[in-house]
Amino acid sequence: MISIGNDIVSLHHINKQRTCQRRFNSKFITDSELKLYSRPDAAQMPFEVFVWLLWSAKESVYKFIKRHQPQLVFSPIKFTCREIDLSGFSPAASYQLCDHNGFNHVPAIAMKVAFQNEQISVRSVISPDYIVSFAALKESFSQMHWAVERINAADPESQSDAVRALTLKKLKQLNVSVDAFIGKSPAGYPFVKDPDVLLSFAHHGQYVSYAIMTGHS
Amino acid sequence: MTRQEILDELKKVLSPYTVDKEKLAQIDENTDLIKDLKINSANLVDIIIDAESKYNIEIDYDSADRMTNVGSCIDVISEKMGQA
């Protein structure tokens, strides 16, 4: 299944106290996923970051699958995170926001998310301000272009305009033919005229992000 | 509670997560939470929890999945309150 998914969570827009309540996080994290937090390699990660990491991973996989199942509703408890490799997590890491290609150069967390009969790979990058997750076939990550941008206004229209402008700029750089105006499919994902270009957008609070794949591997 | 009464209370549940207050005031049964009200998906769990507290009900996973538009939210809330 060739597809792409992206989700971002602004850590300034979550309620830390509520996140840590089992009544809240049990709506989308199972007991077995919760057990993953007690492993030694999770020690450096604040619990609320762990919770939202799993949420953003599941949401990115939902977007990945929705491209092929347009009627799919997001039911996070049906997505299971496993094989979470937190060795890439570095609480003090900082890196530029924009113009990334692949994930080898940043402290990225790898995991798999199972849904129905599929197991989709996810790469997540965490900063003090946000968690961003990308879902793709494992071999595609090295070719994925992605970026995060901090914007001034957090209303939906500003978020949408900002991520489109950011993506168009990148598409031009990549020589993708862009009299492309970025449309939105009925299933809710963005697209341009060139069918070999896959896009996924995300926004939350003052952060927007995109993932682009040009040409299929 | 009538459907209209539940809808009026639901507006208060949705309000903290909705930027466009005018649109919120005008919601009807067909209003989609994400597509029309632009509620961030990260807040969907907040809405479930807040609805559970407000109406003193418990919303299971399958019911929560159905709460994508205002009409289905009212359906679920009515059911859980023991009304048809």
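Within the stretch A:98-115, the set of residues being open to solvent by less than 30 Å² (accessible area, probe 1.4 Å) and either on the phi > 0 side of the Ramachandran plot or part of a loop (DSSP other than H, G, I, E, B) (or both) comprises A:G102, A:F103, A:V106.
If you go through the stretch B:11-25 one residue at a time, do you hit one that is in contact (Cβ under 8 Å) with a residue 24 or more places away in the chain and in contact with a strand residue (DSSP E or B) (Cβ under 7 Å, 6 or more places away or on another chain)? Within the stretch B:11-25 (the criterion being in contact (Cβ under 8 Å) with a residue 24 or more places away in the chain and in contact with a strand residue (DSSP E or B) (Cβ under 7 Å, 6 or more places away or on another chain)), the answer is no, since none of the residues qualifies. Quick one: how many residues across the stretch A:27-66 are among the hydroxyl-bearing types (S, T, Y) and within 10 Å of chain B (Cβ to nearest Cβ)? So the count comes out to 2. Out of B:K23, B:K38, one residue alone is in a loop (DSSP other than H, G, I, E, B), within 11 Å of chain A (Cβ to nearest Cβ) and basic (K, R). It is B:K38.
Residues of the stretch A:78-97 that are open to solvent by 30 Å² or more (accessible area, probe 1.4 Å) and more than 15 Å from the chain's Cα centre (by Cα): A:K78, A:T80, A:R82, A:E83, A:D85, A:S87, A:S90, A:P91, A:A92, A:S94, A:Y95, A:Q96. Being within 24 Å of A:H68 (Cβ to Cβ) and part of a helix (DSSP H, G or I) is the requirement here; does A:S124 meet it? Taking the combined requirement at face value, the residue does not satisfy it. Residues of the stretch A:13-29 that are surrounded by 15 or more Cβ atoms within 10 Å (Cβ to Cβ) and under 19 Å from A:F79 (Cα atoms): A:T19, A:F24, A:N25, A:K27, A:F28, A:I29. Within the stretch A:36-55, the set of residues being more than 18 Å from A:R22 (Cα to Cα) and polar (S, T, N, Q) comprises A:Q44 only.
Please indicate, with yes or no, whether at least one residue in the stretch A:204-217 is open to solvent by less than 40 Å² (accessible area, probe 1.4 Å), under 27 Å from A:I29 (Cα atoms) and of a type in the set (A, V, I, L, M). The answer is yes, given that some residue of the stretch A:204-217 is open to solvent by less than 40 Å² (accessible area, probe 1.4 Å), under 27 Å from A:I29 (Cα atoms) and of a type in the set (A, V, I, L, M). Out of all the residues in the stretch B:49-58, is one or more at negative phi, open to solvent by 70 Å² or more (accessible area, probe 1.4 Å) and outside any loop (DSSP other than H, G, I, E, B)? Yes, the stretch B:49-58 contains a residue that is at negative phi, open to solvent by 70 Å² or more (accessible area, probe 1.4 Å) and outside any loop (DSSP other than H, G, I, E, B). Here the stretch A:141-173 is the region considered, the condition is being surrounded by 13 or more Cβ atoms within 10 Å (Cβ to Cβ) and in a loop (DSSP other than H, G, I, E, B), and the residue that is modelled with the lowest pLDDT is A:A154. Tell me which residues, restricted to the stretch B:47-62, are more than 13 Å from A:F24 (Cα to Cα) and among the polar types (S, T, N, Q). Answer for the stretch B:47-62, where residues must be more than 13 Å from A:F24 (Cα to Cα) and among the polar types (S, T, N, Q): just B:N56.
The values are calculated or read from the model by the stated rules, or taken from the named source; none is laboratory data. Everything numeric in this text was worked out from a predicted model, so none of it was measured. For neighbour counting, all protein chains shown are included, and Cβ atoms are generated from backbone atoms with ideal geometry for every residue, glycine included. The protein model used for the area step is the full one, side chains on, heavy atoms only, and it has no ligands, DNA or RNA in it. Shrake-Rupley method; radii C 1.70, N 1.55, O 1.52, S 1.80 Å.
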